[in-house]
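> I have a structure I would like to understand better, so I am pasting it below and will then ask my questions one at a time.
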Amino acid sequence: AIEFPMLGDDFTTLMVAVIVLSQLVGPPFFKFALRQVGESREKGQTEIDAVRDVLIIGIEQQSKILAERLQQHNWRVMLADVEPSQVFNSDNEDICVCPLPDISTQHVRSIITTPPDAAVIMLPDDNDNLRLCEMLYEEFGVSHLIVRLNDYNLMDEFRALGVHVVYPDTAMVHLLDSVVRTPQLVT
């Protein structure tokens, strides 16, 4: 505007207008373009109900204890596992236990009537855990996903999905650290 007084003010106004418009219109168009080429991770549709549901995949001692504790706090719990021997060894009759023959949308859909409010994935293979997290988020709209990570290698992939990751080695250290430093806050 100072160098070219005849054009400067008009050019400045035009540039500010273009920048403001691109800030307002650019992100929605960019999201639209990502959807068109199939590169966006869209959350599936969910139905809201009054009952809090949790799906725990991977039946073992920790998952059974978690299921019982959540049930005591009025959560409806469903346990599932790809290992048939784990499914049939479950001893709590109040908790729904379902076999999951394999990790596919069809088989997951067969055990989920309504999408759960949360899902906890505790399978021994982190690649299976990641596939399940992607499926539950994209196909069923489950946004509160928790995974117990067995190996630190896939941490970034889980975090990119927004999954809450519990890594057993560091989780125990953090818990012990909290008990040592602030014992009055730990029950």
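> Springs between alpha-carbon pairs under 10 angstrom, Gaussian network model over the chain: which of LEU55, LEU70, LEU21 fluctuates most?
LEU21
> In Å, what is the Rg of the alpha-carbon atoms in region 126-187, and how long is Dmax?
Using the Cα atoms of region 126-187, the pair Rg, Dmax is 14.3, 42 Å.
> Can you list residues from other chains, or at least 5 along the same chain, whose modelled amide H is less than 5 Å from the amide H of ASP81?
GLY58, CYS98, LEU100
> Where does helix 126-140 land angle-wise versus the long Cα axis of the chain, in degrees 0 to 90, nearest 10?
Helix 126-140 and the main axis of the chain meet at about 70 degrees.
> Moving to a separate point now. Using only the alpha-carbon atoms, how far is helix 168-181 inclined from the longest principal axis of the chain? Give it as 0 to 90 degrees, nearest 10.
90 degrees
> Would you look at the GNM of the chain, springs on alpha carbons closer than 10 Å, and say which of ASP94, ASP117, ASP177 moves the most?
Looking only at ASP94, ASP117, ASP177, the biggest GNM fluctuation is shown by ASP177.
> For the chain, what is the accessible area per residue in Å² when the probe is 1.4 Å?
Details: 12660 Å² over 187 residues.
For the chain, the solvent-accessible area averages 68 Å² per residue.
> What net charge do the residues around PRO99 carry, taking every other residue with its C-beta under 11 Å from that of PRO99, with Lys and Arg at +1 and Asp and Glu at -1?
Working: positive: none; negative: ASP81, GLU83, ASP102.
Its environment carries a net charge of -3.
> In a GNM of the chain with a 10 Å cut-off on Cα contacts, which of MET78, MET122, MET172 has the highest mean-square fluctuation?
It is MET172.
> Using the alpha-carbon atoms, what tilt in degrees (0 to 90, nearest 10) does helix 61-72 show relative to the longest principal axis of the chain?
Orientation of helix 61-72: about 80 degrees from the principal axis.
> Here are several values of log10 I(q)/I(0) by the Debye sum over Cα atoms at q = 0.11, 0.16, 0.18 Å⁻¹: (i) -0.50, -1.09, -1.38; (ii) -0.62, -1.06, -1.24; (iii) -0.59, -0.99, -1.12. Which one was derived from the coordinates shown?
(ii)
> Find out how many positive minus negative residues lie around ARG69, taking Lys and Arg as positive, Asp and Glu as negative, among other residues whose Cβ is under 14 Å from that of ARG69. Walk me through the numbers before you get to the answer.
Values: positive: ARG52, LYS64, ARG76; negative: GLU68, ASP94.
Charge balance in the 14 Å sphere: +1.
The values are calculated or read from the model by the stated rules, or taken from the named source; none is laboratory data. Only a predicted model underlies this, so the values are computations on that prediction, with no experimental measurement involved. Quick reminder, even Gly has a Cβ in these numbers, built from the backbone with ideal geometry, and neighbours come from all protein chains shown. The accessibility values were calculated without ligands, DNA or RNA, using every heavy atom of the protein model including side chains. Shrake-Rupley method; radii C 1.70, N 1.55, O 1.52, S 1.80 Å.
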